[in-house]
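A short worksheet on the structure shown next.
Each value in this text was obtained by applying a stated rule to the coordinates, not by laboratory testing. Not measured: the values here are computed from a predicted model. When we count neighbours, we look across all protein chains shown, and the Cβ atoms used for this are built from the backbone with ideal geometry, even at glycine.
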Amino acid sequence: MFQITPAFAVPFVEVELPNADALNQALATLILAREAEGAAYRNPATSMRINPGLFESDFNFFAWPDQPVQQLRELCWGAMSRAIAQLNGYGAAEMAKLEIASHTWFHVTRRGGWFGLHNHPMASWSGVYCVAAGRDDGTHPDSGVLHFANPLALANMYLDAANQRIRAPYGMAGRSFRLRAGQLVLFPSWVQHEVLPFHGDGERITVAFNCWFSFAGEAGAQPYGH
């Protein structure tokens with residue numbers, strides 16, 4: 001027998017929301033209006049450096065009663081539930097007992113804005129939804145990309161002709177997403193990720209969330225930070 005298998009795979013889930021233009025326009029209008037209110041909606045205690053090109057909201061975005069926010073919430077939780085069911089082999093009875101808790105927030109990024117490398121240590125799943133991608137100036141191929149570091153920290157300890165060109169999913173490179181409006185990416189919260197500097201015009205608007213889960217009647221883990 002000769003068999004090659006991906007022994008330490010990391011699941012990423014990509015979802016394209018259909019006909020999302022009207023929803024995204026409504027979300028962008030609402031988010032930019034709330035951003036303009038400044039401290040009323042800004043995260044008061046961020047655990048990361050927030051540079052001048054970035055606005056980070058507080059962590060209760062999906063609690064807003066506004067219709068476009070609740071529509072996005074249902075779409076994101078629907079995708080999350082589908083991913084959890086498939087990856088864990090849960091049936092309808094188990095999914096009906098699954099309870100979700102979350103932190104949810106938005107970022108507005110303008111030219112020069114970025115967000116440093118981090119993960120979310122007390123959550124199981126995280127996600128990023130793109131409301132608006134901004135207008136790329138075409139001069140920086142990595143402008144504003146959502147980049148994930150390769151978690152195989154020792155994979156490039158020794159490189160030679162036998163492994164320096166090894167192909168995905170076994171290579172040592174990270175993974176980047178140039179998010180499009182209407183695109184949702186779900187990923188395990190432990191994976192280190194960052195947003196590279198945005199060099200475009202207008203606003204790059206994203207909604208992000210961390211989730212932790214328990215079955216009804218069971219104690220769940222408590223989060224900290226983001």
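Only DSSP H runs of four or more residues enter the estimate; each adds -39500 (n - 2.57), and after division by the residues of the chain the mean residue ellipticity at 222 nm equals -6000 deg cm²/dmol.
Cβ-Cβ distance of ALA22 and ARG167, R₀ of 30 Å, FRET efficiency by 1/(1 + (r/R0)^6): the value works out to about 0.15.
Farthest towards the positive end of the charge dipole of the chain, among the residues PHE62, ALA168, ASN43, is the Cα of ALA168, using unit charges on the Cβ of Lys, Arg, Asp and Glu.
A Gaussian network model of the chain, with springs between Cα atoms under 10 Å, assigns the largest mean-square fluctuation among ARG135, ARG110, ARG204 to ARG135. Calculated FRET efficiency, ALA45 to MET122, Cβ-Cβ distance, R0 = 22 Å: about 0.90 to the nearest 0.05. Using the Cβ of SER214 as centre and a radius below 11 Å, the other residues enclosed give a net charge of -1, where K and R count +1 and D and E count -1. Exposed loop sites here mean GluC sites (Glu not before Pro) with a DSSP loop assignment and at most 13 other beta-carbon atoms within 10 Å; the chain contains its longest site-free run at 38-217. Treating only the Cα positions of the chain as identical point scatterers, give the base-10 log of I(q)/I(0) from the Debye formula at each q in 0.07, 0.09, 0.18 Å⁻¹. Debye curve over Cα of the chain, log10 I(q)/I(0) at q = 0.07, 0.09, 0.18 Å⁻¹: -0.25, -0.41, -1.46. In percent, rounded to a whole number, the relative contact order of the chain is 32, using alpha-carbon pairs under 8 Å and six or more apart. Under a model in which nothing but the beta-carbon of Lys, Arg (+1) and Asp, Glu (-1) is charged, the range 116-226 shows a dipole of about 260 debye around its Cα centre.
The magnitude of the dipole of the chain, with charges of +1 and -1 set on the Cβ of Lys/Arg and Asp/Glu and taken from the Cα centre, is near 360 debye. For TRP77 and SER176, the FRET efficiency from 1/(1 + (r/R0)^6), where r spans their Cβ atoms and R0 equals 30 Å, is about 0.70.
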